[in-house]
Amino acid sequence: MPAKSRFTRLDAFTKTVEDARVRTTSGGIVTITSLLVILWLAWGEWADYRRVVVRPELVVDKGRGEKMEISMNITFPRMPCDLLTLDVMDVSGELQMGVHHGINKVRLSPESEGSKVIEVKALDLHKDEASHLDPTYCGECYGAPPPTNAIKPGCCSTCSEVRDAYASVSWSFGRGEGVEQCEREHYAERLDEQRKEGCRLEGSIRVNKVIGNFHIAPGKSFSNGNLHVHDLENYLKDATHTFTHNIHHLRFGPQLSEEVIRDMQKKQQATGPGGWTNHHLNPLDGTLQTTEDKNFNFMYFIKVVSTAYLPLGWDSAPTRPAKYDELLGATIDGNYKGSIETHQYSVTSHKRNLMGGPDSEDGHKERIHARGGIPGVFFSYDISPMKVINREVRQKTFSGFLVGLCAVIGGTLTVAAAVDRALYEGVSRVKKMHSN
């Protein structure tokens, strides 16, 4: 048997001759309708193929030796800037007392005058405040050992260096009466001038990505054995000083631009409810705590979860320039298509009166506070061993799109053929009944 005849016998798509075909008006209408339905459903398949959703994954965080950026903007309406000290410490043994790098202290007018900005000062840990002095000048340290970070070794050239010298031996400094350097810099007069003022701390710090804490407390900080101590003399002398504070924002990780946030929100809507969590939402933003008692302590216990956002094609995108990793407060904009490494956090808070006693004012009569401690605002953060990865993926593969497209065309034509056949048979029967 010829090869052509073998294939002819296997033909599953038998044809009819042109003379045996019947074209009807209803058939034309069904054909046009089925084509429109095919186009509509095919467009839906294409939209599904192009849709990007975000799939969350939970993995063990295997990062080592990493740094973490903490950005803050906190207002203290009843604390002058000269009395506020920011300290950072972690369990790795790194203690950074009086951290200044990347932080601005903004002097604010008294609350009664609207807390308006008076001065913005970018603080530098090693700022030379004695450049106007005679180069041969060597100030006395008044019995305390000269600080190791002094401008001139073995001397106390500024009031700040005398304060550091006193702190190194755990001596209370006070207002600096009788100290030549402080009288020359009008330290006591500056304290009196700022007595009713407020202060805002804004900026970023970079810390080791390990368990630790940072706190904002009054007075110069120093270590006494295993104790971390603050000189509270000037703080306790004034009854108007309290640690009422407003946390405008507190963020762990880099700042995301509005464009990146809008894109994330769009992908979240495509994913549906519960698909992933918003990276850019910080639970402490807008937190206001008030107190009329100067001996008051606020504590925030924060659980930090490392979070990565992986856009489509992130592995082939150019890496982020190293300068952005070194620059504090850098913003990730929409032009960057690589992986975004940031952090989310949850928080619980606690406040107490340092004089101790029952917590009946807050409705907890059964709770009794311990006595002692340092007034201030303390943030204790813990690093979760787990990491959340939010990965952008297409909802359908290209092969899935082709399968869906074939199903749409085949299914629609099959249903259309059945409808056309039913209409044709129905019309034929009606005509036959009328002809009889």
**Q.** Total formal charge among the other residues, if their Cβ is under 11 angstrom from that of residue 393, Lys/Arg +1 and Asp/Glu -1
**A.** +4
Q.
What does the charge count around residue 179 come to, taking other residues whose C-beta lies under 10 Å from its C-beta (Lys +1, Arg +1, Asp -1, Glu -1)?
A. -2
Q: Just add up the charged neighbours of residue 121: K/R +1, D/E -1, any other residue whose Cβ is under 9 Å from the Cβ of residue 121.
A: +1
Q) When only the heavy atoms of the protein chains count and the probe is 1.4 Å, how do 26, 112 rank by accessible area, highest first? A) 112, 26
Q | Solvent exposure, largest accessible area first (probe 1.4 Å, DNA, RNA and ligands not counted), of 201, 35 | A | 35, 201
Q) If the cut-off is 20 Å between C-alpha atoms, which lysines fall inside it for residue 121, apart from same-chain ones fewer than 8 positions away? A) 105, 196, 220
Q | Added length on full extension, which subtracts the Cα-Cα distance from 0.36 nm per residue, residue 233 to residue 121 | A | 37.9 nm
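The values are calculated or read from the model by the stated rules, or taken from the named source; none is laboratory data. Being a predicted model, the structure only gives us computed values, none of them experimental. Every residue, glycine among them, receives a Cβ derived from its backbone with ideal geometry; neighbour counts consider all protein chains shown. Quick note on the areas: whole protein, heavy atoms, side chains included, nothing else; ligands and nucleic acids left out. Shrake-Rupley method; radii C 1.70, N 1.55, O 1.52, S 1.80 Å.
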